Amino acid sequence: MTLADQLELLIVDDVPSIVENISMLLSLHPQIRAIRSASDGIHAIEAVERNQPDVIVMDIRMPRLDGITAAREIRKRFPEVAIVIHSAYEDAALMDQIDDIGVERFFLKGSPVRDLIAHVLGAHKEHMHLQG
Amino acid sequence: MRSLVKIPAWIWALVVTALLGVTYIAFPMVEVQDSVTVIAGGLAVIAMLVGIFWHRPNRPGIWLLLCASVAAAFLGDVIWGFKEIVLNDEVPFPSVADAFYLAAYPLSAAGLWAIARSLLPRRSIGALIDIAIVTCGVAIISWEFLIEPALSSGTISASARFIAAAYPAMGLFLFAALVAIIFRKSTSPTVVILLGLGILVESVSDSVFAFAVSESTYATGTITDVGWLTMFGLWGSAALHPTMRHVEISKLADRPTHNMMLLPRLVLMLTACLVAPTAMVFQDWLGIEVKAWEAIIESVILWVLVFGRIGVLAQALQRSERKIASKHENLSESYRERNKLLREMVQTIERERLHIASELHDGPVQRLTGLGYLIGRLEMNAAKFQDPADRNLVSQVSDDLCIEIHRLRKLMQELRPPALSESGLASALGNLRHSFEHENAIPCSLTVRLHERLDSSAEAIMYRVVQEALVNIGKHAHANNVKIALTQFGREVCLEVSDDGVGFEPLQQSVFIHCGHFGLAIMRERVEALGGDWSVTSAPGKGTTLIAMVPVLTHNTSTVLEFTGVQS
């Protein structure tokens, strides 16, 4: 596996333990090269400006700037970045907003980590396919 | 023989009285008739004393007075019989016997008025006027046709005229007491009937006697005497009846009707106004001299009593209206208080739900999620396990943990939907609609037209109403379509949930409560807690529509919210 096949991730969540655990778990996967983190939507946008990741795992409910608004902004300015929404709740309004933005994947907190890995890898693959 | 023993004593008294009456008529001899009358009187006195001793009445004084009156009449008959049978002499009119007969009246009146006084409500001027109206009406008739003719009779002496007039006059006092007793409905109706019949037959006999004496046509052995004999038997029977012990207790104690504008009372007052003119008509028809000034005075007396009664009724009506207004105000106050408590209760419930949801989130959910990450790490290293069963076990644990976490999160959402707090009612209802469609496969449209966000308790209540309504529709309605509409009209918000399902009889709502299904009732209580109005329209086969109209208490935002859910 080459460096080009490996992914750089950005984990965005306001709960440090979640960032730590997800980062730790994803770092064990051979296809994950680097993992950075941000604690809210504004930091997430700044992090993408500095080091464009391949995939962002974005929480929804965060202080200062929520995940939906940040995802919308990132999609507009950095369309090459794939986004996986990572939320504790699944409701119709949220799903409509996610569809609106064009987010690749949605992952419910508490689901098995293998599913998160599958979503991250799948989101990158689909996004690359769409980007052409 | 046993069946004879079972016959109550008061019935036996009536039977004996009947036998004595038949004997009186069958043997028209002075000795027999006078003896029968004396025996009847003596038996009546004994029966009354036995009744007092046997039944121990609440007010023995009443019955002793009545017994004394019967004893006085009995003594009068003894004197009469002694004069006619032993001394073989014609009894003059008036005689010593008449003194005893007349003495019986005040004793009877005292006893009957003691009963009436116990039955009458305290400070009941209205009831006394009613009695006065009836008694005056009868008194006018008695005066015109009995008392006045007796007093003006030219065929008997002055003392005889006075005594002849005294009988019907004294009878009026008994009649007035009887009217009072009948109006007040004693708890011993049989005793009242027996006493009343006794007074009635005695009054008739006295009236006939007065007329006959004034015409100098009275003689022993006529049907008039049977009336007095019957009176003895009826009063003796009354004293032997078991309910005589509480004849002075009224059935109307808790339901005062003396100041109610009842139809019989109105008929009574109208009849009273017509007594004097009617008496004039009858006098003219019978060829009796009509004294116009007498008729005028009689009419004036009755009209004054009737108008006085109307005045008392009007006053009572005013008092009732004031009482009703006061009670209405108290009721309104209680209702406002109740709604306030309901509102606080609903707010407390929502706070508790939020608290529990928060506790779940911060406690079990967080910890289980943390465990999930640990299991996830184990799963990442599971490839190193040699035994595939171990790898499967780890996967199984991971999946089961995930299921439990999702269940807890669902519970948290049900307790307090995050969208309700964060985005408002429209968003939360949208999620509810989506879940309903997903779980029940029934198309559900949602239309929200609000000018502003509502107060948090109002949002919570409206949310719960829709939630409960959708649960009911999912379980019972068998609907093909559901519509939810939330619309603001000025300072009111209208929530309407309708379906085209099987419907139900609106009267069944009380049956639902009786069977432990409180959903509709709870929805109504919640809406009313907001000061709103609630209505349910349904019919078998015609679907159901729930409508709640609540006043707007705003959330202090001015955003116009429009939200229309797509119908699947």
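The values are calculated or read from the model by the stated rules, or taken from the named source; none is laboratory data. Quick caveat: nothing in here was measured; it's all calculated off a predicted structure. Every residue, glycine as well, gets a Cβ built from its backbone with ideal geometry; the counts of neighbours run over all protein chains shown.
Considering only residues that are buried (at least 16 other Cβ atoms within 10 Å of the Cβ) and free of Cβ contacts under 8 Å to residues at least 24 places away in the same chain, which ones fall in the stretch A:96-114? I'd like the intermediate steps shown before the answer.
So the first thing to find is which residues in the stretch A:96-114 are buried (at least 16 other Cβ atoms within 10 Å of the Cβ), and the list is A:97-98, A:101, A:103-114.
Hits for the stretch A:96-114 are A:Glu104, A:Arg105, A:Phe106, A:Leu108, A:Gly110, A:Ser111, A:Pro112, A:Arg114.
How many of the residues making up the stretch B:377-432 are surrounded by fewer than 18 Cβ atoms within 10 Å (Cβ to Cβ) and either touching a strand residue (DSSP E or B) at 6+ places or on another chain (Cβ under 6 Å) or of a type in the set (Lys, Arg) (or both)?
The total comes to 5.
Name the pairs: first residue in the stretch B:375-391 and within 14 Å of chain A (Cβ to nearest Cβ), second residue charged (D, E, K, R), Cβ to Cβ under 7 Å, at least 6 apart or on different chains?
What qualifies is B:Glu379/A:Arg114; B:Ala382/B:Arg391.
Across the stretch A:87-112, what is the total count of residues that are more than 12 Å from A:Ile60 (Cβ to Cβ), assigned to a loop (DSSP other than H, G, I, E, B) and away from chain B (no Cβ under 14 Å)?
2
Scan the stretch B:419-430 for residues that are within 10 Å of chain A (Cβ to nearest Cβ) and among the hydroxyl-bearing types (Ser, Thr, Tyr) and jot them down.
B:Ser423, B:Ser427
Scan the stretch B:58-75 for residues that are in contact (Cβ under 8 Å) with a residue 60 or more places away in the chain and in a helix (DSSP H, G or I) and jot them down.
Taking the stretch B:58-75 first, the residues in contact (Cβ under 8 Å) with a residue 60 or more places away in the chain are B:58-59, B:62-63, B:66-67, B:70, B:73-74.
Within the stretch B:58-75, B:Ile62, B:Trp63, B:Leu66, B:Cys67, B:Val70, B:Ala73, B:Phe74 meet the criteria.
Looking for something within 13 Å of chain B (Cβ to nearest Cβ) and part of a loop (DSSP other than H, G, I, E, B) - is there at least one such residue anywhere in the stretch A:64-86?
Taking every residue of the stretch A:64-86 in turn, at least one turns out to be within 13 Å of chain B (Cβ to nearest Cβ) and part of a loop (DSSP other than H, G, I, E, B).
Considering the stretch B:392-418 alone, what residues qualify as being farther than 30 Å from B:Ala460 by Cβ and either at the interface with another protein chain (Cβ under 9 Å from one of its Cβ atoms) or among the β-branched types (Val, Ile, Thr) (or both)?
At the first step, the residues of the stretch B:392-418 found to be farther than 30 Å from B:Ala460 by Cβ are B:392-402.
Within the stretch B:392-418, B:Val394, B:Ser395, B:Val397, B:Ser398, B:Asp399, B:Leu401, B:Cys402 qualify.
Can you name the residue in the stretch B:16-33 that is at pLDDT below 90 and among the hydrophobic types (A, V, I, L, M, F, W, C) and is also nearest to B:Trp228 (Cα to Cα) among such residues?
Going through the qualifying residues, I end up with B:Ile25.
Name the single residue, out of those in the stretch B:78-100 being touching a residue at least 60 places away in the same chain (Cβ under 8 Å) and of a type outside the set (A, V, I, L, M, F, W, C), that is surrounded by the fewest Cβ atoms within 10 Å (Cβ to Cβ).
The selected residue is B:Glu84.
Restricting the search to the stretch A:14-56, which residues are closer than 21 Å to A:Leu108 by Cβ, within 12 Å of chain B (Cβ to nearest Cβ) and not aliphatic (A, V, I, L, M)?
Of everything in the stretch A:14-56, those that are closer than 21 Å to A:Leu108 by Cβ, within 12 Å of chain B (Cβ to nearest Cβ) and not aliphatic (A, V, I, L, M) turn out to be A:Ser17, A:Glu20, A:Asn21, A:Ser23, A:His29.
Would you mind telling me which numbered condition in (1) within 30 Å of B:Leu530 (Cβ to Cβ); (2) modelled with pLDDT of 85 or more B:Pro364 fails?
Every condition holds for B:Pro364 apart from (1).
Search the stretch B:206-252 for residues being assigned to a loop (DSSP other than H, G, I, E, B) and among the charged types (D, E, K, R), and hand back the single one that is farthest from B:Gly51 (Cα to Cα). Even if it seems obvious, please write down each step before you answer.
Narrowing the stretch B:206-252 to residues assigned to a loop (DSSP other than H, G, I, E, B): B:215-222, B:241, B:247-249, B:251-252.
Imposing the further condition that a residue be among the charged types (D, E, K, R) reduces the set to B:215, B:248, B:251.
Details: B:Glu215: 40, B:Glu248: 16, B:Lys251: 23 Å.
Among those that are assigned to a loop (DSSP other than H, G, I, E, B) and among the charged types (D, E, K, R), it is B:Glu215.
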